[in-house]
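See structure below.
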Amino acid sequence: MDRNQKKALTDQKIRTAFIMLLNEKGFANLNVSDITITAEISRGTFYLHYLDKFDLLEQIEQEILDDVQTLLQNNLDDIADPKITMPEAHDHLYNLFFKLITYGYQHRPLFISLMRPDVDVTFSDRLYQLVVTIFRGKNVLQTQASYSTEVPEDYAEVIVILGAFNIFKHWLLKENPETPTEVAEIILTSRFLSPYNLIHIN
């Protein structure tokens, strides 16, 4: 095993220990010693990778944000293309949801840890704002649809994007979540239904 492989393996041990401790103790109650003992490394080795637990948390969060940004930017161009038909846009949107959800499922323990209110209350907001910024930058909603005149545009945007985002969070935190395929279909279907349609008021 070469030096880079050893470094990557040690880094993974640190992160695995950190995530486990986040769920067991919460961020405020864990320290570097807890991480090094759990990861079975020395404090000196930890500090070769991170400045402190705050630096570790920030780097993990930033990697997730970078991954999500890449996923969105690589897949939204097709949806925002004004030449495609609505059925084609529907298929592209489903594929995007599926890729994002699959990523969340693959990193579910990490997402659950980071979304704890005692870890970082800003992480969910940062993730949501990233999604909104990229959707706006690609003009996705304006390209494939027009806003209703019955609700101000900024409120309509919140309803559409935040609703999907909250379904994603709810799914991640469920004890027995549906498969990525199932929840992608739930999110996409829900975007075409009003609360009146969802609840069936008598």
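The values are calculated or read from the model by the stated rules, or taken from the named source; none is laboratory data. Since the model is a prediction, treat every value here as computed from it, not as a measurement. Backbone-built Cβ (ideal geometry, glycine too); neighbour counts: all protein chains shown.
Does G163 satisfy being modelled with pLDDT under 85 and surrounded by fewer than 16 Cβ atoms within 10 Å (Cβ to Cβ)?
Values: modelled with pLDDT under 85: no; surrounded by fewer than 16 Cβ atoms within 10 Å (Cβ to Cβ): yes.
Criteria not met by G163.
Taking the stretch 56-113 as the region of interest, how many residues are touching a residue at least 40 places away in the same chain (Cβ under 8 Å), under 20 Å from I187 (Cα atoms) and among the polar types (S, T, N, Q)?
Within the stretch 56-113, residues that are touching a residue at least 40 places away in the same chain (Cβ under 8 Å), under 20 Å from I187 (Cα atoms) and among the polar types (S, T, N, Q) number 3.
Mind listing just one residue for me: the one in the stretch 19-42 that is assigned to a helix (DSSP H, G or I) and modelled with pLDDT of 95 or more and, of those, surrounded by the fewest Cβ atoms within 10 Å (Cβ to Cβ)?
So the residue we want is S33.
Here are some conditions: (1) more than 12 Å from the chain's Cα centre (by Cα); (2) modelled with pLDDT under 90. P180 meets all but one. Which one does it not meet?
It fails just one condition, (2).
Kindly indicate whether R116 is closer than 15 Å to F165 by Cα and out of contact with any Lys or Arg (no Cβ under 7 Å at 6 or more places or on another chain). Steps first, please.
On the way: closer than 15 Å to F165 by Cα: no; out of contact with any Lys or Arg (no Cβ under 7 Å at 6 or more places or on another chain): yes.
Here the answer is no, as R116 does not meet what is asked.
Determine, yes or no, whether T133 is within 12 Å of the chain's Cα centre (by Cα) and polar (S, T, N, Q).
It is false that T133 is within 12 Å of the chain's Cα centre (by Cα) and polar (S, T, N, Q).
Quick one: would you say E182 is closer than 25 Å to R116 by Cα and loosely packed, with under 11 Cβ neighbours inside 10 Å?
no
Take the residues in the stretch 112-160 that are β-branched (V, I, T) and exposed (fewer than 12 other Cβ atoms within 10 Å of the Cβ), then tell me which one is modelled with the lowest pLDDT.
Per the criteria, the residue is V121.
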